[in-house]
Each structure stands twice: as C-alpha cells, then as structure tokens.
Amino acid sequence: MILMDGKSLRNKILEEIKIKIAKDRIKTSLAIILVGDNEASKIYIRNKVKACEEVGIIPVTYLLPEETTEEELCVLIEKLNNDGTITGIILQSPVPKHINFDKCSSLIKSYKDVDGFVMANTYNLYLNDEKLVPCTVKAVIKLLEEYNIALEGANVVIVGRGNIVGKPLSLALLNRNATVTIAHSKSKNLKDITKTADILISAVGKPKLITNEMVKDNAVVIDVGISRVDGKVVGDIDFESVSKKCSYITPVPGGVGPMTVAMIMENVLIANEMREK
Ligand code: NAP
C-alpha cells in the first residue's frame with residue numbers, strides 16, 4: 001500500500017507557485033470573508049492565510065460579527081468585486097442562518113471566484129472547459145495525477161453528492177474519461193456499489209463509513225471526509241482495515257485537506273491570468 005502524501009505535495013506545489021510569483025513579479029491578493037465565530041472556519045482561514053504568506057499572495061481577511069446582515073455582506077462583496085487590487089474572493093462557509101450563502105457567494109465575479117462556485121465557473125466545468133474549478137475537486141485530481149493513477153476508463157465511485165465536492169468532482173472525472181458512479185444517503189446496497197470501484201472516493205463526513213469489506217482488492221482510496229472524534233480529525237474511511245487491502249490511500253489528516261489549500265493558491269494565479277485577459 002502506498003500512502004498518498006498530500007502534505008508533501010502541498011509543499012512542493014506551494015514552492016513552485018512561490019518561485020513563479022517571484023520570477024514573474026506577480027502581484028495578487030486574496031480576500032477571505034468569515035461571518036461569525038465558527039471555530040473550524042477560523043482554522044481553515046489560518047491555513048489559507050499561512051499558504052498565502054508562504055507563496056507571496058497578500059491575504060486580506062474580513063472577520064465580520066455574527067450579527068452582520070445579508071445586505072452588509074453583499075455590499076462588501078460588491079466592493080471587493082470592484083477593487084482592482086483584489087485578485088480572488090472567498091466567502092467562508094458556513095455562514096450564520098440568517099444569511100443565504102448561495103445568494104451571497106453567487107455575487108462574486110466569476111474571474112475572482114477562486115472557490116469555483118459561481119454559475120459561470122460551474123457551467124465551464126460542465127462544458128469541459130475548466131477555468132476556476134472547486135479546490136477540493138482539483139486537490140483529488142492532482143493527487144491522482146501525481147501518483148500516476150490512470151483515470152481514462154477507470155471505474156470511479158464517489159460516495160457523496162454535495163455541491164462542493166461530490167457533484168463537481170463527478171464532472172471533472174467525466175472530463176478525464178473515467179466511468180463515474182455517484183452514491184449518496186438514499187443509495188441501496190452501498191457495499192455492492194463501492195466494491196466495483198477501481199478508484200473509491202468518499203466525500204460524506206461520517207467516520208468509518210467505508211470499511212474493509214466495501215473495498216475491492218488493490219483499489220485506490222481517496223478520503224475527502226473530515227469529522228472530529230474525541231478532538232481528533234478523522235476521515236470517512238476505516239483507515240486501519242482498508243489500508244491493508246488497497247493499493248493507494250490518502251491519510252486524514254495529511255491527504256486531501258492540505259492539497260485543497262494549495263489548489264486555492266493555484267486558483268488565485270488562474271484568477272490573475274483571467275483578470276489580465
Ligand atoms: P454535503 O454537502 O453535506 O454532502 C454529503 C453527502 O454525503 C451527501 O450527498 C449525502 O447524501 C451523503 N451521505 C450522507 N450520509 C451518507 C451515507 N450514510 N451513505 C452514503 N452517502 C451519505 O458535504 P460536502 O460539503 O460535500 O462535504 C463532504 C465531506 O467532505 C465533509 O466531511 C466535509 O467536511 C469534507 N470536506 C473536506 C474538504 C477537504 O479539503 N478535505 C473540503 C470540503 C469538504 P444526500 O445527498 O442523500 O443527503
């Protein structure tokens with residue numbers, strides 16, 4: 001079994017981005033907006049800010065109070081849309097209940113949408129004309145490419161059909177000629193479905209959802225899930241048992257998570273190129 005080391009690959013990619021930014025004297029900045037006091041979000045934002053500082057992208061964080069209105073948030077997004085010094089904008093999810101995340105994030109200009117969530121970017125992914133693709137999707141694809149896992153013709157099963165990971169990932173894999181099956185909470189006989197996978201990707205957020213008997217011998221197993229159990233970060237895969245059976249596997253933490261942050265930095269560079277065009 002080979003461990004797919006997302007942390008090392010993250011560092012390698014950030015080093016390459018840092019060199020490119022310095023060599024081409026690229027000036028970019030990333031605005032990150034958090035509304036409220038979500039502790040997990042604060043950790044994610046710290047990781048993004050740290051990566052920005054490592055590569056030479058200027059991070060601009062907006063930590064807004066819980067009681068911020070939807071209107072105030074929309075005004076800020078419009079201001080950042082029109083600010084020529086801002087290259088990319090991230091609205092950190094979740095937002096407080098009185099704010100509609102989809103409505104607010106859809107205001108972000110498509111060429112500043114480094115999370116790849118707005119309609120124009122989703123449509124480009126759908127048309128196989130990828131521009132700004134969701135960072136976790138890119139993280140999974142990059143890890144597979146790094147370890148030379150062939151996608152063309154491979155049977156890929158994705159467990160989870162969320163808008164951020166499962167659904168867009170299915171399109172990115174189709175774009176690369178994989179045969180894609182998506183399972184979800186209403187799927188019957190999940191084990192029978194996951195057993196068919198040459199590449200099994202879980203994006204659910206339920207610890208130990210995927211056990212040894214659900215995985216085909218020598219499958220490639222990618223764990224996108226993040227949960228906290230007794231203060232520890234864990235994925236969806238029962239790593240202990242599944243790692244004995246598969247050919248490649250991502251750890252949690254240290255797999256898809258750090259790669260997602262690296263892909264945000266890559267998307268800032270793509271956003272910069274789109275702005276220049
Ligand atoms: P989401 O939108 O809540 O989607 C979760 C999906 O899991 C849904 O499609 C749901 O099915 C499915 N599901 C729930 N229980 C299931 C079960 N017992 N069997 C099969 N499918 C089941 O979540 P998300 O935003 O896609 O995120 C998924 C996970 O990835 C979370 O743990 C999140 O923290 C993690 N994540 C990690 C990264 C990273 O960088 N590593 C980035 C983003 C997200 P239904 O559609 O039928 O409800």
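The values are calculated or read from the model by the stated rules, or taken from the named source; none is laboratory data. If you're wondering where the values come from, they're calculated on a predicted model, not measured in any experiment. For neighbour counting, all protein chains shown are included, and Cβ atoms are generated from backbone atoms with ideal geometry for every residue, glycine included. Calculation scope for accessible area: heavy atoms of the full protein, side chains included, ligands and nucleic acids excluded. Shrake-Rupley method; radii C 1.70, N 1.55, O 1.52, S 1.80 Å.
If we scan segment 47-60, do we find a residue that is of a type in the set (Lys, Arg), open to solvent by less than 70 Å² (accessible area, probe 1.4 Å), out of contact with any Gly (no Cβ under 7 Å at 6 or more places or on another chain) and at pLDDT 95 or above?
From segment 47-60, those of a type in the set (Lys, Arg) are 48, 50; that's our starting set.
Still in the running and open to solvent by less than 70 Å² (accessible area, probe 1.4 Å): 48.
Subsequent filtering for residues that are out of contact with any Gly (no Cβ under 7 Å at 6 or more places or on another chain) retains 48.
Adding the requirement that they be at pLDDT 95 or above leaves 48.
Looking through segment 47-60, at least one residue is of a type in the set (Lys, Arg), open to solvent by less than 70 Å² (accessible area, probe 1.4 Å), out of contact with any Gly (no Cβ under 7 Å at 6 or more places or on another chain) and at pLDDT 95 or above.
ASN128 falls short on exactly one of the conditions (1) part of a loop (DSSP other than H, G, I, E, B); (2) within 21 Å of SER202 (Cα to Cα), and that condition is (2).
Of the residues screened, GLU152 is not one that is open to solvent by 10 Å² or more (accessible area, probe 1.4 Å), acidic (Asp, Glu) and in contact (Cβ under 8 Å) with a residue 60 or more places away in the chain. Residues in segment 241-257 that are outside any loop (DSSP other than H, G, I, E, B), within 14 Å of the ligand (Cβ to nearest atom) and open to solvent by 30 Å² or more (accessible area, probe 1.4 Å): GLY257 only.
Counting only residues that are part of a strand (DSSP E or B) and away from the ligand (no atom under 11 Å from the Cβ), segment 200-213 holds 1 of them. Looking for something touching a residue at least 12 places away in the same chain (Cβ under 8 Å), open to solvent by 10 Å² or more (accessible area, probe 1.4 Å) and in contact with a Pro (Cβ under 6 Å, 6 or more places away or on another chain) - is there at least one such residue anywhere in segment 64-80? Yes: segment 64-80 contains one or more residues that are touching a residue at least 12 places away in the same chain (Cβ under 8 Å), open to solvent by 10 Å² or more (accessible area, probe 1.4 Å) and in contact with a Pro (Cβ under 6 Å, 6 or more places away or on another chain). Of the residues that sit in segment 214-230 and are of a type in the set (D, E, K, R) and within 15 Å of the ligand (Cβ to nearest atom), which one is farthest from THR194 (Cα to Cα)? Out of the qualifying residues, it is ARG228.
Pairs under 6 Å by beta carbon, first residue at positive phi in segment 155-174, partner near the ligand (Cβ under 6 Å from one of its atoms) and in a helix (DSSP H, G or I), six or more apart or different chains? The qualifying pairs are GLY160/GLY166.
Cβ separations smaller than 7 Å between residues 6+ apart or across chains give the following pairs from segment 204-225 residues that are under 19 Å from GLU146 (Cβ atoms) to residues that are open to solvent by 30 Å² or more (accessible area, probe 1.4 Å) and within 11 Å of the ligand (Cβ to nearest atom): ASP223/VAL252.
Picking from residues in segment 171-199 that are small (Gly, Ala, Ser) and more than 11 Å from the ligand (Cβ to nearest atom), the one that is farthest from ILE90 (Cα to Cα) is ALA197.
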